[in-house]
Amino acid sequence: MDSDPKFLHIPYNKRWEYLKDTIIKLYLEEGEKVDKLASRMKSEYSFDALPSAFKYQFRKWGIKKSTSSAVKAQAVKVQLKRKRDASTSDLTILEGGREKSLDKKKMKRFLQDDLRRRREPTLAGGIFLRMNLPYNALVANFIRPGDPPSPFTSVSHPNSPANIIVNSPSDHRTPSSQPVGASPTTQLIRDKAYLERADLFIQGQYQELLLQLGREERKVMADWLHDFWIHSFMTAKYWGRGPEIWTPGLISAKTLGSVELEDTTSIPSDTASMPSASRITVDPPSQLCRWSIHYDTDVKYEPVPSPPRENDNEQDIEDESTWLLWDASHDHPTPADTMRSALLDNSFSRIEEHNVPLSTSSITRAVHRSQGQIEVDSWGFAIMARNLNALKKMTPPEGLEHIHPFHLAASYLDGAHNCCLILEKLVRGRLGDRWGGLPLAPNYKNDLGHTVLDSLMINILRSHTSMRPGEVCHNFTKQNRFPGEEVDICGRWDADSKCIRQLYASGRCTIPFEWKHPYCHTSVQAICHSITALCLSGNAVDINIPSGLFSKSCGCCRKDLKLSPLHTLVMVAFYLGDRGALGETMFGAIATLSCMLASWADPARPADISVSELFGTGTDTSEICTHLFVTPSELASSVPNKILESWPHERQQGWRAFVAVLDFASPRKDPSSSSSAEGEDSDSSSSEERGESDTSSEYEVFPEKGLAILWAASQTEMLTYRRIKTTDPWISGRFCIKQLLKGLDDGLGPTNIPLYNDGLMLEFNENGWFEDSNNMFRPTAQDVCASYFMNLEDWDRTTFIDPPRAVW
């Protein structure tokens, strides 16, 4: 056979396979066109076939001289997985059982055409607000029990397509042919990839972006984006005083002092325990709260000028008391302007732009094209940073509703410095001279179905219990942290605090339970004042709008089982007892209950729910419905005694008082009216789902005086008492839960409270409000006390704030 290279002894129709290598070599390697190929095969190999027969045979063999766009796209993806300096010369394409080189000219033209056709996307709203975790903490947020060490491991580095061969450079390249720097084709591939990655970020597809990156790239990008987040947060928080421009060095000095975290260029692997991160020491915060005091600005006083500083120009970055207010006679950049400028020159990060694995210039162009979106994000940062003065001076942008500002304010509630003021100003529409306000009712629910009141309830649970996000809402199951954890409601840490920066750098994304403490008076005051802002202002919503928390779906009839706000509070109170911090007294739950009742929450309104599923005492078999209509009081009374008996005595006592108050507030009704109540609940749900305000109630005043006494006493307690030392009790002797419970058990109602019995409070109305105050929904201590007995004189832990002057 070797003596017959033309295979003339083989029948004609079988010679195709014997001459296959020769035909393909002439066609691909020597580049002959089909007509010329047919002529040469006839003259040189005595093989006579029409050009069309050769074309048919090429299709049969899968041979193409050109490379399809799909294969080129595959080659691009393969190249991107390789080291940064890898050459496209190492790639070959397998077709028809043979390898062929990648045509660099055609690949280059393909890439150039693709880049020319590219359309730049519009910047999605709120994308910069989401970058609140550096890489180490970000990885921890996605890791759950039973998951692989990294959520990205299984998809980050899939095998290369079978038709793309990556050859070792030594296989076909001599030392003298080693490239110097990236080739034009390699650079175009990188440009295309970086633009596509930037597009994903710009469109808000952050997790998809992470899945496309390798470990090293993920860390660099996540840390770079978080650098921008902390820069924007601190710009918004301190806008108007101190440094006008926050450089990476100033941010490090303010948030870490002399402590330096790991080098941002070091690359740990995607594991829950990162060697470099685990060596970081985390200094825990104080267990003692801070607080804010609403004060009466009508108080007359003689101003005394502050003594002059020795050097007005000297500001200690670690001592805010030395910071100067900005010169009001000069124009200053807005937070949005500062964000734009920082993105443009990369002045917010120590990571060099060329090391960031996406097109930073594409992001900058998107910001320039979408001016309104960066304004929206700057508002979001100002809300999260709780800078009321900055918000007052910023022009409210269109599209603000897309970041759910009411929910954002509730998640980042700051009882230590602002109390309810940010949320209250948003509700009233009194932020900025040119803003009529963002209406609350159509924005009362976010895209998760949570009401603003739900966000307040989440704040209680995340701050004072060991609850996990997925236990509160099924939409939280893919994350380990609640929104806003980086800000403590009672002022013990903030997003730029040293302990938080250390915690995140150490590879933890959630607040350790040992940092948390009971539902304290600072937290209670901020929550209750926020509830009244939502439900009793001129722009109020009906407090009875169904909740989006702890919702279930019946496995049998598929009905959505939603709780009312009071049912949700019962669950919050239950978890304060069952999973609360050491020292929990349940005062906060009782005070929040009395506040919600004073804001017209309906204790008689039933909800169709499965009690056994809520408390984990039963299983949905999908064979029978386990839900029924129960009132909040009935739900609270359904907690198994076996669970309650496992609690500390103080919590059991507080829970019993909470349930007794709820039962006392629930009107006694004829059992025959239950079906009517169920029908009313169904009929009213449509208007409630729309967030329409309907503050009507069966009564205009509390039907029982005891409820007014309880709410007045709750307000007085939260306004006059704080835990000054760690050895102090969490609640004063003037509000004794043991006495409160005894009075309830003895049929006296919630009246057996020393604050009332001893005449320590000023006069209040039939609903528990102190009407003689300038704002009865935000009374000050002097508005409620018959004599001076408050203990909040630790001025280093106090912030005085102006009470809201609302038109109700």
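The values are calculated or read from the model by the stated rules, or taken from the named source; none is laboratory data. For clarity, every value in this text was computed on a predicted model and none was experimentally measured. Reconstructed Cβ throughout: ideal geometry from the backbone, glycine too, with neighbour counts over all protein chains shown.
Yes or no, residue by residue, for (1) under 20 Å from the mean Cα position of the chain (by Cα); (2) in a helix (DSSP H, G or I):
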{"position": "E486", "(1), (2)": "yes, no"}
{"position": "C490", "(1), (2)": "yes, no"}
{"position": "W493", "(1), (2)": "yes, no"}
{"position": "Q502", "(1), (2)": "yes, yes"}
{"position": "I511", "(1), (2)": "yes, no"}
{"position": "E514", "(1), (2)": "no, yes"}
{"position": "T522", "(1), (2)": "no, yes"}
{"position": "Q525", "(1), (2)": "no, yes"}
Given the conditions (1) modelled with pLDDT under 85; (2) among the aliphatic types (A, V, I, L, M); (3) part of a loop (DSSP other than H, G, I, E, B), every one holds for A70 apart from (3)
Of (1) within 17 Å of the chain's Cα centre (by Cα); (2) in a loop (DSSP other than H, G, I, E, B); (3) touching a residue at least 40 places away in the same chain (Cβ under 8 Å), P518 fails just (1)
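Residues are listed down the side, and each one gets a yes or a no for (1) among the hydrophobic types (A, V, I, L, M, F, W, C); (2) surrounded by 19 or more Cβ atoms within 10 Å (Cβ to Cβ):
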residue: Q739; (1), (2): no, no
residue: D746; (1), (2): no, no
residue: G759; (1), (2): no, no
residue: N775; (1), (2): no, no
residue: P779; (1), (2): no, yes
residue: D794; (1), (2): no, no
residue: I801; (1), (2): yes, no
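Condition check: assigned to a helix (DSSP H, G or I), at pLDDT 90 or above and not aliphatic (A, V, I, L, M). Does E217 satisfy that?
On the way: assigned to a helix (DSSP H, G or I): yes; at pLDDT 90 or above: yes; not aliphatic (A, V, I, L, M): yes.
Against the criterion (assigned to a helix (DSSP H, G or I), at pLDDT 90 or above and not aliphatic (A, V, I, L, M)), E217 qualifies.
Among the candidates E704, E700, single out the residue that is out of contact with any helix residue (DSSP H, G or I) (no Cβ under 8 Å at 6 or more places or on another chain), closer than 17 Å to N765 by Cα, modelled with pLDDT under 95 and not β-branched (V, I, T).
E700
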Taking K478, is it among the charged types (D, E, K, R) and at pLDDT below 95?
-> yes
Across (1) on the phi < 0 side of the Ramachandran plot; (2) surrounded by 14 or more Cβ atoms within 10 Å (Cβ to Cβ); (3) out of contact with any Lys or Arg (no Cβ under 6 Å at 6 or more places or on another chain), L755 clears everything bar (3)
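For segment 100-159, which positions are modelled with pLDDT of 70 or more, farther than 26 Å from N480 by Cβ, assigned to a helix (DSSP H, G or I) and of a type outside the set (A, V, I, L, M, F, W, C)?
Within segment 100-159, the first condition is being modelled with pLDDT of 70 or more, and the residues that meet it are 105-142.
Retained after the next criterion (residues that are farther than 26 Å from N480 by Cβ): 105-123.
Retained after the next criterion (residues that are assigned to a helix (DSSP H, G or I)): 105-117.
Correct list: K105, K106, K108, R109, Q112, D113, D114, R116, R117.
Give segment 36-52 a look and list any residue that's among the polar types (S, T, N, Q) and touching a residue at least 24 places away in the same chain (Cβ under 8 Å), or say none.
The answer is S46, and nothing else.
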Flagged in segment 323-343 as more than 18 Å from K237 (Cα to Cα) and surrounded by 14 or more Cβ atoms within 10 Å (Cβ to Cβ), in numbering order, are L343
Of the residues in segment 1-45, those that are touching a helix residue (DSSP H, G or I) at 6+ places or on another chain (Cβ under 8 Å), surrounded by fewer than 17 Cβ atoms within 10 Å (Cβ to Cβ) and assigned to a helix (DSSP H, G or I) come to K20, V34, D35, R40
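Determine whether D663 is outside any loop (DSSP other than H, G, I, E, B), modelled with pLDDT under 95, surrounded by fewer than 20 Cβ atoms within 10 Å (Cβ to Cβ) and not hydroxyl-bearing (S, T, Y). Give the derivation first.
Working: outside any loop (DSSP other than H, G, I, E, B): yes; modelled with pLDDT under 95: no; surrounded by fewer than 20 Cβ atoms within 10 Å (Cβ to Cβ): yes; not hydroxyl-bearing (S, T, Y): yes.
Judged against the criteria, D663 is not a match.
Being modelled with pLDDT of 95 or more, buried (at least 24 other Cβ atoms within 10 Å of the Cβ), in a helix (DSSP H, G or I) and in contact with a Cys (Cβ under 7 Å, 6 or more places away or on another chain): is that true of S530 here? Walk me through it before giving the result.
On the way: modelled with pLDDT of 95 or more: yes; buried (at least 24 other Cβ atoms within 10 Å of the Cβ): yes; in a helix (DSSP H, G or I): yes; in contact with a Cys (Cβ under 7 Å, 6 or more places away or on another chain): yes.
Against the criterion (modelled with pLDDT of 95 or more, buried (at least 24 other Cβ atoms within 10 Å of the Cβ), in a helix (DSSP H, G or I) and in contact with a Cys (Cβ under 7 Å, 6 or more places away or on another chain)), S530 qualifies.
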Filtering segment 601-652 for residues that are touching an Asp or Glu at 6+ places or on another chain (Cβ under 7 Å) and in a helix (DSSP H, G or I) leaves a count of 4
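Taking the residues in segment 404-439 that are in a helix (DSSP H, G or I) and modelled with pLDDT under 95 as candidates, determine which candidate is farthest from the chain's Cα centre (by Cα).
Filtering segment 404-439 down to residues in a helix (DSSP H, G or I) leaves 405-411, 421-428.
The next check asks that each one be modelled with pLDDT under 95; those that pass are 421-428.
Working: L421: 22, I422: 19, L423: 18, E424: 22, K425: 22, L426: 20, V427: 22, R428: 25 Å.
Filtering first and then ranking leaves R428.
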I511 vs (1) surrounded by fewer than 24 Cβ atoms within 10 Å (Cβ to Cβ); (2) within 24 Å of P248 (Cβ to Cβ); (3) among the aliphatic types (A, V, I, L, M): all pass except (2)
(1) more than 23 Å from R579 (Cβ to Cβ); (2) part of a loop (DSSP other than H, G, I, E, B); (3) in contact with a helix residue (DSSP H, G or I) (Cβ under 7 Å, 6 or more places away or on another chain) all hold for Q479 apart from (1)
Taking segment 122-144 and keeping only residues that are under 19 Å from G399 (Cβ atoms) and not aliphatic (A, V, I, L, M), one is left with T122, G125, G126, F128, R130
